[in-house]
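These notes concern the structure reproduced below.
The values are calculated or read from the model by the stated rules, or taken from the named source; none is laboratory data. Since this is a predicted model, take the numbers as computed values, not measurements. Neighbour counts run over all protein chains shown; Cβ positions are idealised from the backbone, glycine included. Areas reflect the complete protein model, heavy atoms only, side chains present, ligands, DNA and RNA absent. Shrake-Rupley method; radii C 1.70, N 1.55, O 1.52, S 1.80 Å.
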Amino acid sequence: MENRLGLFLVLLSVTCFCDANNTCNVPDTKKSYVTSLAINMARSVGPCVPPDPSVLLALNLGQVKDPTAQDILIEQLKNDAVDRVSKNVSFTSGKVALYVLALRSSCVDPSNISVQQGSINLVKLLENKTREELRAFENGPSPNASVITTWYQVGLDLLGLCTMSSPYARSAACIVANHTTPEVCGSVDTAAVVAMGLVCVLGMENIPEKTITKVRTTLSGLLNYILEHQKDGLIGNAYSTGLAGQALLAAKKYFSVNWNCSGTIQTVLDLIPKKTFSLPIAAAQVLPFLWGTSYVSVKCLPCPEINAQYISVEYTIVNDLVEPHFLYTTMVAVKEGSTLLQVMQKAAELDPNKFSFESQNSSWGVFITAINHLAGSTNDKTYWQFLNGSTPLDVGVSSYIPKNNDHITAIFSKY
């Protein structure tokens, strides 16, 4: 890829405020170091090279753009994600989270990845994998509880879920905050990634006050641990400094951080000519810090369709007509503007034993033939009727768009 065309550079001043009396930025005389590092990282991308989501993430967060490399990576990551799931290839939670962050930073909706060989909802996959990671902690404290992989991956999971405004990010943050300590993290880079996940959650809406208090307490401990590992301008070592710097920059919104940021930047800049960050992954983790940003910033990147707000819809199914009777209710979180059909699909994903359904396409849209294995019958003159509150719907499930806090009821009825 040495002769790639289309390299596009946008060189902007990089300023990040590190404390009330000091600004932290790359000096003008050293900006060429950062540009060169980013260009070399982008040149590692190619059709025959395995895709690295961290590289795409860094390019999208920075001031050096390479549209060719970014387009290649987007298609590679989409195809690789679908391929991994369809072939049941290893796909750890942290890897899924990085794919979510990288694609979201490219304004590609990770919840709707569609390629020639299939489609996948990476956000749903990440929710499931994060639940698996944290299942051992759901019933309270246990000396033997542990995550399936590592707390580093769980920190990435939390970042990915929060970035996509997943409702499960709140529950996951509560568990992480209650069970993560500097001793559990064991390293600066793990503490930094977990800290960024918790910082991201503090910016979400509707976080319970107890969770906020616990998150802030845990964050304070992680940040102190990171700062205690400063030595000669580095935090931990050369390869953990980029993530540590990202975490400290992100935390400035909520904490007063006593940190010589300019000294850290100077030390990192001195290491660039020595090829310390020559590997793409090393460059990808340090570049966002040098650009004054962090993985937490992905959530704020302007992508109107992906940034749609989530709403809560109460969904109830009722059968008082035939034995065995049943009544089940669930709360479903969907993007604002979703159809009732999408609400039903989400409910079926969350609890297929109760909310599974069958449907048929017609000239009038989608017609629901059965819910919870109970089908309507023309012989018995039975069908599923849908209401919002007490008002019957006047359009089909594929056309009706619920509003926040609506209560949709499906009642097995006679006509």
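Brief remarks follow.
- Amide H contacts under 5 Å for Ile235: Thr241, restricted to partners 5 or more places along the chain or on a different chain, H placed in the peptide plane at 1.01 Å from N.
- For the chain, the longest principal axis of the C-alpha atoms and the axis of helix 238-251 are separated by about 60°.
- Based on the Stokes-Einstein relation at 20 °C and a viscosity of 1.002 mPa s, and on the Kirkwood radius from alpha carbon pairs, region 47-141 is assigned a translational diffusion coefficient of 153 µm²/s.
- Over all directions, the projected convex hull of the C-alpha atoms in region 209-300 averages 6.4 nm² in area.
- Considering only Val366, Val332, Val286, the Gaussian network model of the chain with Cα springs below 10 Å gives its largest mean-square fluctuation to Val366.
- Per-selection metrics, region 320-415 (Cα): Rg and Dmax in Å: 12.9, 38
- Taking Cα atoms only, the orientation of helix 168-179 departs from the longest principal axis of the chain by about 50 degrees.
- Computing FRET efficiency as 1/(1 + (r/R0)^6) for Ser32 and Ala333, where r is the C-beta to C-beta distance and R0 is 51 Å, gives about 0.65.
- Convex hull volume per residue in cubic angstrom - Cα atoms of region 246-349: 176 Å³
- Unit charges on C-beta of K, R, D, E only; dipole of region 278-415, Debye: 260 debye
- Quotient of the Cα radius of gyration of region 156-226 and 2.2 N^0.38 Å, N being its number of residues: 0.98.
- Angle between the chain longest axis and helix 261-271 axis [Cα atoms, degrees, rounded to 10]: 70 degrees
- Accessible surface ranking that places the most exposed of Val318, Val89 first, with a 1.4 angstrom probe: Val89, Val318
- Cα lying deepest toward the dipole's positive end in region 48-185, options Met164, Gln116, Asn128, charges on Cβ: Asn128
- Shape annotation for region 78-196: C-alpha extents along the principal axes are 46, 25, 25 Å, from largest to smallest.
- Each Lys and Arg adds +1 at its Cβ and each Asp and Glu adds -1 at its Cβ; summed about the Cα centre, region 235-321 shows a dipole of about 560 debye.
- Between Ala375 and Glu183, the modelled label-to-label distance comes to 6.0 nm, taking each label 7 Å out from Cα in the direction of the beta carbon.
- Straight-distance crosslink candidates among lysines, where the alpha carbon sits under 28 Å from Lys253 and sequence neighbours closer than 8 are dropped: Lys30, Lys31, Lys65, Lys95, Lys210, Lys214, Lys231, Lys299, Lys335
- Between Lys414 and Val115, the distance separating the two model label sites (each 7 Å from Cα on the Cα→Cβ line) works out to 5.4 nm.
- Grouping the Cα pair distances of the chain into 20 Å bins from zero gives a pair-distance distribution of 25, 50, 21, 4, 0 percent in increasing distance order.
- 16 Å reach of a label modelled at Asp83, 7 Å along Cα-to-Cβ, counting backbone N of region 106-128: 114-120
- Sequence-distant residues sharing a close amide H with Tyr310 (under 5 Å, placed H): Glu336
- In this simple spin-label approximation, Ala145 and Val49 carry label points 7 Å from Cα along the Cα→Cβ vector, and these lie 4.2 nm apart.
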